[in-house]
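Below: one structure, written as structure tokens.
The values are calculated or read from the model by the stated rules, or taken from the named source; none is laboratory data. Predicted model only: the values in this text are computed from it and were never measured. Note: ideal-geometry Cβ built from the backbone for every residue, glycine included; neighbour counts use all protein chains shown.
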Amino acid sequence: MIKLTVVADNYTDSLSLCAEHGFSCVLETEKLSILLDTGQGMALKNNLSALGFNNRFDIAVITHGHYDHTGGLTEALKNGVALADRLYVHENIFAGHMKKNPDGTFSFIGVDADENNLGNLYSLTKVKGKTEIAENIFLCGEIPRYTDFSADENLYIQTPAGCVKDPFDDEIFLVIIDDESLVVVTGCSHCGIMNIIEHTEKLFPDYKIRSLIGGFHLFRADESQTSQVADYLQRKNISNLLTGHCTGIDAFMTIKNTLGSSVNMTKAGLKRLV
């Protein structure tokens, strides 16, 4: 089994931990410790310490280039601290991620860190597609759109021609083969959690997903889209589903009411064998 500890999330009910709009978790196998995402940066250092981690992991992974997943990496970089020996990101992570404001202007919400400085501090590897980063541990990107998904009309990317809708080319997710089944961990699922599952099944046809963890980015989705995701997840019959952060309370409750006890909420301080 894989040991999961949620380090940063929108919610917590644990003493001494901070909550923030962001996500970070630690996955521990028999051989490796993996830090996946780093939240906004305000909670990471405090929560790692409170949870008993030494702030140094074998591997760090950033699932995409938004501030609420990369801020802790930036804060550590400012202090000259490496969170892991090896750092993995998608090759497009430093693209100009933007958010459209109500008045029509745009704000930068991307990685506020210098690529060269990261390269000086970490063994930095840029990935694309399916990449094995350790035995039976994979990063998967280039997620096809098997089903249309766009639950957030406010997210853009800066191009030479101006801001255009973000295609989330830099989004990756983690897959661990363990005990003849799969543990899948995503950051925000901007490409759609249904597409991530479909892509996982295409890449790993001999294995069933037993655990699905991370945000599903449904907090701005309409009710019909949330119900579609809930019905899809029910058909997939995944034994252990942990979701929070950008999933949103309303969407979480729809999924929980549809799937029942197999669904639980991620929150800072949650520890679970997955």
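Would you point out the residue of region 238-250, among those that are over 24 Å from Lys208 (Cβ atoms) and within 17 Å of the chain's Cα centre (by Cα), that is surrounded by the most Cβ atoms within 10 Å (Cβ to Cβ)? Filtering region 238-250 for residues that are over 24 Å from Lys208 (Cβ atoms) and within 17 Å of the chain's Cα centre (by Cα), the one surrounded by the most Cβ atoms within 10 Å (Cβ to Cβ) comes out as His245.
Residues in region 29-86 that are under 17 Å from Ala19 (Cβ atoms) and assigned to a loop (DSSP other than H, G, I, E, B): Asp37, Thr38, Gly39, Gln40, Gly41, Met42, Ala43, Leu51.
Cβ separations smaller than 6 Å between residues 6+ apart or across chains give the following pairs from region 233-249 residues that are in contact (Cβ under 8 Å) with a residue 24 or more places away in the chain and closer than 16 Å to Leu270 by Cβ to residues that are among the polar types (S, T, N, Q) and crowded, with 21+ Cβ neighbours inside 10 Å: Asn240/Ser211; Leu242/Thr266; Gly244/Thr266; His245/Asn10. Quick check on Asp166: is it surrounded by 14 or more Cβ atoms within 10 Å (Cβ to Cβ), among the acidic types (Asp, Glu) and over 19 Å from the mean Cα position of the chain (by Cα)? Here the answer is no, as Asp166 does not meet what is asked. Only a single item in (1) polar (S, T, N, Q); (2) outside any strand (DSSP E or B); (3) closer than 17 Å to His64 by Cα is not met by Gln158, and it is number (2). Gly187 meets all of the listed conditions (1) part of a strand (DSSP E or B); (2) crowded, with 23+ Cβ neighbours inside 10 Å; (3) of a type outside the set (Phe, Trp, Tyr) but one, namely (1). If only residues of region 125-141 that are in a loop (DSSP other than H, G, I, E, B), at pLDDT 95 or above and of a type outside the set (Gly, Ala, Ser) are counted, the one that is nearest to the chain's Cα centre (by Cα) is Lys130.
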